[in-house]
Amino acid sequence: MTEPAAPTAIRPFRIAVPDAAIDDLHARLDRTRWPSVETVGDWSQGVRTANLRALAERWRSGHDWRRFESAMNAIPQFATPIDGVDVHFLHVRSAVRGAMPLLLTHGWPGSNADFLRLVGPLTDPEAFGGDPADAFDVVVPSLPGAGFTTAPTDTGWTVDRIARTWTTLMERLGYEAWAAHGGDWGAAVTTALGAQRPDGLLGIHLSTPYAFPSVLPEQMTADEQRAVDGLARYAGELGGSNHLQGTKPQTVGFALADSPVGQAAWLYEKYQSKTDNAGRAEDAIDLDTILDQVSLAWFTNSAASSARIYWDNRTATMAGPRLSLPVAVTVFPHDVPRLPRSWVEQAYTDLVHFAEADHGGHFAALEQPAVLVDQLRTGLAGLRSSV
């Protein structure tokens with residue numbers, strides 16, 4: 001008789017999507033019922049029909065899920081139960097002695113696969129032309145309800161609760177001193193970690209700083225006005241999915257769970273609207289990488305569950321907590337909103353690094369993985385003496 005797993009057990013995990021699930025996806029794609037074509041020549045009404053038809057055709061006939069599945073399975077993966085959720089995570093220990101443990105948290109839409117191209121350079125920098133002294137151990141969980149992390153069965157999954165879950169994960173792995181990074185919702189979780197300051201957390205790196213002042217200055221600089229305008233745009237014309245997921249995530253979840261093209265459109269529009277592109281999402285993120293993300297969301301049926309982070313955090317604002325631990329920030333030029341250094345310095349009293357990248361948007365790990373790797377090495381370098 002097999003003994004039941006301990007409540008703190010860490011189990012090896014391997015992705016194995018059945019052939020029948022892939023066949024079902026293809027059959028659903030073949031049966032797509034398309035809406036009438038938009039009445040404008042741009043993306044102001046949402047995803048353009050011609051672009052989505054091309055994406056769907058590539059997904060049906062040109063995308064290789066098994067390639068992506070193999071790439072994920074080449075990285076050690078695990079799962080462990082914490083607070084009622086089975087957390088799926090990537091975990092690679094560097095061969096370099098004294099490597100800094102680094103927790104990486106993704107945003108929406110996405111999963112731990114967002115960081116797939118960062119794992120090698122971070123854990124084995126010498127193999128990628130870097131300095132072994134810059135090596136990290138990496139721990140990359142998927143947020144509750146995203147990817148292969150199971151969906152919560154209760155409410156209250158705020159970024160504070162997720163941060164506490166991540167602290168438990170790092171403790172369970174035996175790490176006594178570590179750093180953390182995040183973008184989008186991952187940055188909100190990482191900011192919450194910074195506010196909680198659990199034992200062992202040395203400092204954090206953010207590609208999305210939550211540093212709006214609680215009261216705006218009467219006279220704003222050009223950079224400050226750009227940030228305010230960006231927030232208005234983020235909440236306005238770019239905020240459709242955010243608003244719906246913050247109010248009725250289950251309603252849209254039914255549609256997205258049943259229609260692969262519907263789910264593809266939902267994610268594709270977000271990648272198009274918030275990346276550094278020349279008009280199409282695939283200008284910034286390789287088309288197969290986009291389809292890897294869309295496929296992962298489809299096969300895990302996580303459209304509704306991953307979106308609930310908006311509902312559970314619907315009262316959150318861009319004015320995050322003031323932090324006193326070491327904070328490194330990298331701002332990407334096409335992020336929305338893009339915050340000025342002056343506000344970042346006010347919010348983080350121990351700002352150890354601030355940089356503005358030349359290219360990239362909201363999805364730094366997918367758009368500019370090499371730049372993000374370099375910024376993680378540089379921004380967190382001063383913390384290594386404490387490992």
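The values are calculated or read from the model by the stated rules, or taken from the named source; none is laboratory data. Just so we're clear, the structure is a prediction, and the values are computed from it rather than from any experiment. Backbone-built Cβ (ideal geometry, glycine too); neighbour counts: all protein chains shown. Calculation scope for accessible area: heavy atoms of the full protein, side chains included, ligands and nucleic acids excluded. Shrake-Rupley method; radii C 1.70, N 1.55, O 1.52, S 1.80 Å.
Summary table
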quantity: Within the accessible area of the chain (1.4 Å probe), percent carbon and sulfur; calculated: 50
quantity: Residue-by-residue Karplus 3J(HN,Hα) for the stretch 34-45, coefficients 6.51, -1.76, 1.60, Hz, glycine and proline x; calculated: 8, x, 5, 5, 4, 9, 10, x, 9, 9, 5, 9
quantity: Gained length - ASP24 relative to ARG66, 0.36 nm times residue gap less alpha-carbon distance; calculated: 13.6 nm
quantity: Simple Cβ-charge dipole of the stretch 243-284, Lys/Arg +1 and Asp/Glu -1, about Cα centre, in debye nearest 20; calculated: 180
quantity: Estimated distance in nm for a label pair at SER44 and ASP358, the labels positioned 7 Å out from Cα along Cα-to-Cβ; calculated: 3.5
quantity: Loop trypsin sites (Lys or Arg not before Pro), the stretch 95-178, which have at most 16 other Cβ atoms in a 10 Å radius of their Cβ (DSSP); calculated: ARG97
quantity: Rh by Kirkwood over Cα pairs, then Stokes-Einstein D for the stretch 29-68 at 1.002 mPa s and 20 °C, µm²/s; calculated: 184
quantity: Dipole of the stretch 108-172, positive end: most advanced residue of ALA133, GLY110, THR123 [Cβ charges, Cα centre]; calculated: GLY110
quantity: Per residue, in Å², the accessible surface of the chain once ligands and nucleic acids are set aside, probe 1.4 Å; calculated: 43
quantity: ASP283 paired with THR221, simple spin-label distance in nm, labels 7 Å along Cα-to-beta-carbon; calculated: 2.9
quantity: Estimated FRET transfer efficiency (ARG341, GLN250; beta-carbon r; R0 41 Å; 0.05); calculated: 0.55
quantity: By average C-beta atoms within 10 angstrom, highest first, the peptides 242-252, 179-189; calculated: 179-189, 242-252
quantity: Extension gain, GLU176 back to ALA381 (0.36 nm per residue minus Cα-Cα distance, nm); calculated: 72.0 nm
quantity: Exposed-loop-free span, longest in the chain, where GluC sites (Glu not before Pro) count as exposed if DSSP calls them loop and at most 16 other C-beta atoms lie within 10 Å; calculated: 238-387
quantity: About the Cα centre, charge dipole magnitude for the chain (Lys/Arg +1, Asp/Glu -1 at Cβ), debye; calculated: 580
quantity: Antiparallel DSSP beta bridges within the chain, percent to nearest 5; calculated: 35
quantity: Option label - semi-axes √(5λ) of the Cα gyration tensor in Å computed here, alternatives (1) 42, 23, 19; (2) 30, 27, 20; (3) 30, 24, 23; calculated: (2)
quantity: Euclidean distance of C-alpha centroids, the stretch 178-243 and the stretch 330-381, integer Å; calculated: 11
quantity: ALA151 long-range amide H proximity, modeled H, under 5 Å; calculated: GLY145
quantity: Amide H contacts under 5 Å for ALA319, placed H, 5+ residues apart; calculated: PHE212
quantity: Within the chain, helix-based [θ] at 222 nm, where runs of 4 or more DSSP H residues each add -39,500 (n - 2.57), nearest 500; calculated: -12500 deg cm²/dmol
quantity: Choice from ASP223, ASP288, ASP276 showing the highest fluctuation, given a GNM over the chain with Cα pairs closer than 10 Å; calculated: ASP223
quantity: Length gained when the stretch SER36-ALA133 is fully extended (0.36 nm per residue, less Cα-Cα span); calculated: 29.3 nm
quantity: Farthest positive-ward along the chain dipole, Cα basis, beta-carbon charges - from TRP185, THR8, ALA370; calculated: THR8
